[in-house]
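What follows is a set of notes on a single structure, which appears directly below.
The values are calculated or read from the model by the stated rules, or taken from the named source; none is laboratory data. Just so you know, these numbers come straight off a predicted model, no measurement behind them. Virtual Cβ from ideal backbone geometry, glycine too; neighbours counted across all protein chains shown. Just so you know, the surface numbers come from the protein's heavy atoms only, side chains and all, with ligands and any DNA or RNA stripped out. Shrake-Rupley method; radii C 1.70, N 1.55, O 1.52, S 1.80 Å.
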Amino acid sequence: MPKTRILAIDPGSRITGFGIIDVINGKSVYVNSGCIRLPDEVLSVRLKHIFQSVSALLEEYKPEEFAIEEVFLAKNANSALKLGQARGAAIVAASIQELVVYEYAARRVKQSVVGNGNADKTQVQMMVQLLLNLTSKPQADAADALAIALCHANTRTSGGLEYGVGKRAGRASKRWTELDVRKTL
């Protein structure tokens, strides 16, 4: 099985986390992670910074797959809108590179990595450290991005079936759900 590189983004309007892993023979291997710290400027300048930073990561690491966290409904509508715009800037960068964008709900990411959809940031950091055999806990936003990458790696293939592709999906979206994968095994 060839190596697949995944770039995952945990979008934010102040800090955007990124995580890069390679999947080699079904095993996830850490490549890099970090935080894109956005300038204390108007939103348009921060969005430009996200776009440019994600574009630079795409150019440097050349991932084959791109995963990002879905927008969740926050208590503050203004915050949700800003988060959606931050996601959009990252998605456009990936789309320009012709990458398919895979989106995951935060709850699904936590369930996949920690085993609990209500896990807190500390639990996510600890599991990411353990699963990727890191010497220290990554910063919270970087850990969230790595968790998204791990979730995608765990979801994208199972039993040799590509996630999101194939006749057997039988769904309008052509995306495999966990139940679909279990039925084929």
Checklist line | Unique match (being in contact with a Phe, Trp or Tyr (Cβ under 7 Å, 6 or more places away or on another chain) and modelled with pLDDT of 95 or more) among Ala106, Ala140, Ala89 | finding: Ala89
Note to self: Against the definition (of a type in the set (Val, Ile, Thr), open to solvent by less than 60 Å² (accessible area, probe 1.4 Å), closer than 26 Å to Thr135 by Cβ and in contact (Cβ under 8 Å) with a residue 24 or more places away in the chain), how does Val54 come out, yes or no?
What the structure shows: no
Notebook entry, point to check: Could you list, in sequence order, the residues of the range 128-142 that are within 14 Å of Val29 (Cα to Cα) and buried (at least 17 other Cβ atoms within 10 Å of the Cβ)?
Noted result: Val128, Gln129, Leu131, Leu132
Notebook entry, point to check: How about the range 2-34: which of its residues are farther than 19 Å from Ala56 by Cβ, out of contact with any helix residue (DSSP H, G or I) (no Cβ under 6 Å at 6 or more places or on another chain) and of a type in the set (A, V, I, L, M)?
Noted result: Ile24, Val29
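Residues are listed down the side, and each one gets a yes or a no for (1) modelled with pLDDT under 95; (2) in contact with an Asp or Glu (Cβ under 6 Å, 6 or more places away or on another chain):
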position	(1), (2)
Gly26	yes, no
Val29	no, yes
Leu47	no, no
Val54	no, no
Leu57	no, no
Phe66	no, no
Asn76	yes, no
Lys82	yes, no
Ala93	no, no
